[in-house]
Amino acid sequence: MHLRVDASRQAHERVLRVAALGLVAFALWRSLQPADSRAVIRIEGADLAAELPSLMLTLPRAVHVPFSSSPRPIDRDALRAMSRAGTQVTWSSASLQPLALSSERLREPGGAERITIAAIAPVELADELAVIDSVRPATTGSTVIAAEPLGTLRATEGRTRATVESGTATLLHPVLVLGRASFEAKFVIAALEERGWTVDARLTVAPTASVNQGKLFALDTARFSAVVALDTSLGAAGQQLARYVHSGGGLILLGDAANAAAVRALAPAHVGARTPGTTRDVQANAPLEGLPLQALGALRTDAVRLGSRAGKVTLAARREGAGRVLQIGYNETWRWRMQGGDDAIAAHRLWWSRLVASVAYAAAPRNGLGVAPSADGNSAEGAPLARIHDAFGPVSTPSAVTTPSSGLPAWLLPLVCMLLIAEWASRRLRGVR
């Protein structure tokens, strides 16, 4: 009797073992099967990271990905590599919106960052620490000035997210102010120092006498980030300005400073006749409308017009070698600070600081090996939808798609385990190991 029971159990055990081994063999065969050459495999964007390893092994003929949110750059690039290897990749999206984000470190003290956003819906801007601002779309884009953002900057609009790395802080040198001792010199120096700039000055008080602030150095980009010439009294520094600008230095010419022989060839334009200002406009918080003006005329062919008043050019700039030259037609900007409204002092210092920053030479800080840090490649992720278009072309929906067919059924592994456990338990009950 016991022999019959043992024989029956052994037969059942063999069936269980053969079934388990058969399922293992089926799983191995299934995993080695190529994808259907006629099928377009559909992979949801959220599942892309999990499905990519098997897709890259089988390289199906075609893959369609409906993106519900911005994909990870590493997943998008892996899918693009598959397309270069022969797989046709198409995509679609009902939720991704056009969004672009860029960032640049301002060349002025304080490490502020100019962040520009283009979008068609409200965007939340944040760094790695907290939310910085909420931005509403504008036809010309929106700009946010953030003080020392931390790490990666993120712009989020619904399910679309753009990221860029905040800019690398630059190394700024002092600003040199040249001209006669005057109200203009006094308040230009004050405005720049109040914004954090280190200012050296060489101010003429008589034909053979001058007052100096800071050490007397030869003009060089290793010592000065920019030079501000307030009038034609340039002194000995005037003979060095052309070489300084050509090697990368920044130069600002205010009013009739462009008439000085040493800088005439550098100026973007000729200086016109002086037009008196109106104190009333300065007091009415329209200082640039009320300042005296020497309009800029006969702009050089390589000059760029940056500002105007009543059809007259007030600001112009051009490149000279590796440096930049900015010419300002306004005179007596100190009147803005002294005669303007409640915010005149802050507005005057900000205006002068931004002008200097627009031309300043700024060296990248170097690490302990004397090498400037490289830019982070993640900065290219500022336009996620544009990156998808660039990688896979325009939106396209295939006529027929299938789900991945090379994967294994979810029930397969539990069933194999159950069969092996049942066979093992039967053997143990018989006293066989």
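The values are calculated or read from the model by the stated rules, or taken from the named source; none is laboratory data. This is a predicted model, so every value here is computed, not measured. Here the Cβ positions follow ideal geometry from the backbone for every residue, glycine too, while neighbour counts run over all protein chains shown.
Observations
- Leu172 meets the conditions (1) farther than 13 Å from Val356 by Cβ; (2) modelled with pLDDT under 90 in every case but one. The failed one is (1).
- Cβ pairs under 6 Å, 6+ apart, first in the range 221-239 and surrounded by fewer than 24 Cβ atoms within 10 Å (Cβ to Cβ), second among the polar types (S, T, N, Q) and not in a loop (DSSP other than H, G, I, E, B): Thr232/Asn259; Ser233/Thr204
- Selection within the range 57-93 - exposed (fewer than 15 other Cβ atoms within 10 Å of the Cβ) and in contact with a helix residue (DSSP H, G or I) (Cβ under 6 Å, 6 or more places away or on another chain): Ser68
- Looking at Ala146, Ala226, just one residue is among the hydrophobic types (A, V, I, L, M, F, W, C), within 27 Å of the chain's Cα centre (by Cα) and more than 30 Å from Ser69 (Cα to Cα), and that residue is Ala226.
- Subset of the range 149-165 (residues that are within 26 Å of Ser95 (Cβ to Cβ) and under 15 Å from the mean Cα position of the chain (by Cα)): Thr152, Leu153, Arg154, Ala155, Thr156, Arg161, Ala162, Thr163, Val164, Glu165
- Restricted to strands (runs of 3 or more DSSP E) entirely inside the range 60-176, those with at least 2 residues that are among the small types (Gly, Ala, Ser) are 99-105, 112-119, 142-147.
- Of all the residues in the range 8-24, those that are of a type outside the set (S, T, N, Q), over 60 Å from the mean Cα position of the chain (by Cα) and exposed (fewer than 15 other Cβ atoms within 10 Å of the Cβ) number 5.
- Selection count where residues are under 17 Å from Gly110 (Cβ atoms) and touching an Asp or Glu at 6+ places or on another chain (Cβ under 9 Å), scope the range 174-213: 6
- Flag if Ala295 is in the same structural domain as Leu241 (by TED's automatic domain parsing), at pLDDT below 85 and surrounded by fewer than 21 Cβ atoms within 10 Å (Cβ to Cβ): no
- Within the range 125-144, being more than 14 Å from Arg114 (Cβ to Cβ) and either aliphatic (A, V, I, L, M) or in contact with a Phe, Trp or Tyr (Cβ under 6 Å, 6 or more places away or on another chain) (or both) holds for Ala126, Leu129, Ala130, Val131, Ala138.
- Residue pairs whose Cβ atoms lie under 6 Å apart, sitting 6 or more positions apart in sequence or on different chains, and linking a residue in the range 51-73 that is more than 15 Å from Arg387 (Cα to Cα) to a partner that is of a type in the set (Lys, Arg), are His64/Arg42.
- Out of Arg136, Arg105, sole residue that is of a type outside the set (Val, Ile, Thr), within 19 Å of the chain's Cα centre (by Cα) and surrounded by fewer than 17 Cβ atoms within 10 Å (Cβ to Cβ): Arg136
- Meeting the requirement of 1 or more residues that are of a type in the set (D, E, K, R) and closer than 25 Å to Thr170 by Cβ, the strands (runs of 3 or more DSSP E) wholly within the range 277-361 are 312-320, 323-328.
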